[in-house]
Amino acid sequence: MAAASLRRVLPLLALLLLWQLLAWWVSGPLLPAPVQVLGVLAQQALSGELWLHLGMTLARVGVAFVLAMLLGVTLGVAMGRRPRLNALLDPLLVTLLNVPALVVIILLYIWGGLNELAAVAAVVINKVPNVAVTLREGARSLDRQYQSLARVYRLGRLTLLRDIWLPQLSPYLLAASRSGLALIWKIVLVVELMGRSNGVGFQLHLGFQMFDVALILAYSLAFIAVVQAIEWWLLQPWEQRQNRWRTEAAL
Amino acid sequence: MIRLTIARKLVATRPLYRDFTLQLEAGELVCLLGPSGCGKTTLLNLVAGLDQDFDGRLEGLDRCRLGYLFQEPRLLPWRTVAENLTLVAPARADQVERLLGDLELEGCAAHYPRQLSLGMARRAALARALMVEPQLLLLDEPFVSLDPPTAQAMQRVLQRVRQRYPEMAVLMVSHDVREALALADRVLVLGGAPTTVRHQLSPHPGACADQRALEERQLLAAYPLSASS
């Protein structure tokens, strides 16, 4: 167990070492050393700034993530199950998939004003097509044999969803969650940078204007740590639970 | 009594069945024999309500009390054996354990289907079918691709199950004439296009070897070599 967690941390430590070496070599404000960045981070945490901005960003990410997953999963599963609906919506989906995130953000800010609704909506619109495409594949791979099993034994809709569809869709849900989280928090930062007065993205903007690389790195690190924590303590345990039948059966 | 009447059943514009009737008494085991493609599994799917694309009707069956053992066990691989059973009908752990014991599956409740052999998985699927206390049990080649001892264990289990549920009718598809004679109350040999009953025989219970051999010859004589011969 200890070896496993060491393996997990080792690449990150190597990266840190590389950074330290580069900082020595550059030795200037353009690349502060890890210790300096940690200092800025501690100072931001003590003043309460860090928690405010991190909290705002996390809240936006959370709301956008839940909405994008709900809409994307519903759309994707419906399209995967109904070829006619798919034929109708597929060109639209491909178009949306290829609209630059920035365009959606700018347009929504122009049309809706620089407010929270426009910010979250921009993120959701950017993410829904990705989720839908992934879940469409999942819905297409649903095994018809289990469908007929459900019909013979008159299983209810809820049982069908929870016990027959969900286990089959879980790898796709997990993939969509992972790539979703990664994409959403990056887009949230852009949205914040362009039109909000708080959040990690806003702080990065501040750092950019003042050429404060330490501040930029401090906030980036803080958010990467949060996403890593979500991966380790939420997504991976969920994945292991979903895969228990595969691993146990392999013994 | 359960009766399936088919006025017409088409498969890709070809009439598979026309004016066909199948009748089952409570407690009776009817075995369908016939070449591949003559529509044995189709018949099971019509009775199960999985295939509703036909002209005709089904009488006397409460579909909530229907058990179907598909050709492959079709257990949910992400649920344990016990969870597969309670999926179709709620039951206490001791009830599940007792049923598994009856089917020679002691100690398998917590296993995942992939940990079972084919014979065990078939019996687990049979246990699941029995969870609904079926009025009619459909068996699609329940002994195929099992080694002889495993097939015999499965046949023994089936006979015990029939004793425990004396009112349960069983409709079984088979390719094996001996197996049909050993288990069935009535054997129907299907064939032709559209498919009809070519021959019907009620095996004499506890027949001596000579009698069995005679019955076997009768069935084989009626057994067409292909679906349309």
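The values are calculated or read from the model by the stated rules, or taken from the named source; none is laboratory data. All of these numbers come straight from a predicted model, not from anything done at the bench. As a convention, Cβ positions derive from the backbone with ideal geometry for all residues, glycine included, and neighbour counts pool all protein chains shown. For the accessible areas, the whole protein counts, side chains as well, though only heavy atoms, and no ligand, DNA or RNA atoms are used. Shrake-Rupley method; radii C 1.70, N 1.55, O 1.52, S 1.80 Å.
Just one residue in the set B:Thr86, B:Thr80, B:Thr21 is at pLDDT 90 or above, more than 12 Å from chain A (Cβ to nearest Cβ) and surrounded by fewer than 22 Cβ atoms within 10 Å (Cβ to Cβ); that residue is B:Thr21. Considering the range B:110-229, the qualifying helices (runs of 4 or more DSSP H), each wholly inside and each with 1 or more residues that are closer than 24 Å to B:Leu66 by Cα, run over B:118-130, B:148-164, B:177-183. Residue count for the range A:124-174 under the criterion of being free of Cβ contacts under 8 Å to residues at least 12 places away in the same chain, acidic (Asp, Glu) and assigned to a loop (DSSP other than H, G, I, E, B): the result is 0. Residues that are buried (at least 16 other Cβ atoms within 10 Å of the Cβ) and of a type in the set (A, V, I, L, M, F, W, C) within the range A:228-251 comprise A:Ile230, A:Trp245, listed in sequence order. Of B:Leu130, B:Leu58, B:Leu118, all but one fail to be within 13 Å of another protein chain (Cβ to nearest Cβ) and either closer than 30 Å to B:Ala12 by Cβ or modelled with pLDDT under 95 (or both); the exception is B:Leu130. Kindly indicate the residue of the range B:40-50 that is open to solvent by 10 Å² or more (accessible area, probe 1.4 Å) and in contact (Cβ under 8 Å) with a residue 40 or more places away in the chain and also nearest to the other protein chains (Cβ to nearest Cβ) among those meeting that condition. Here the answer is B:Thr41.
Of all residues in the range B:138-157, one or more are open to solvent by less than 10 Å² (accessible area, probe 1.4 Å), acidic (Asp, Glu) and within 27 Å of A:Ala150 (Cβ to Cβ).
Looking for something of a type in the set (Val, Ile, Thr) and exposed (fewer than 14 other Cβ atoms within 10 Å of the Cβ) - is there at least one such residue anywhere in the range A:103-110? Yes: the range A:103-110 contains one or more residues that are of a type in the set (Val, Ile, Thr) and exposed (fewer than 14 other Cβ atoms within 10 Å of the Cβ).
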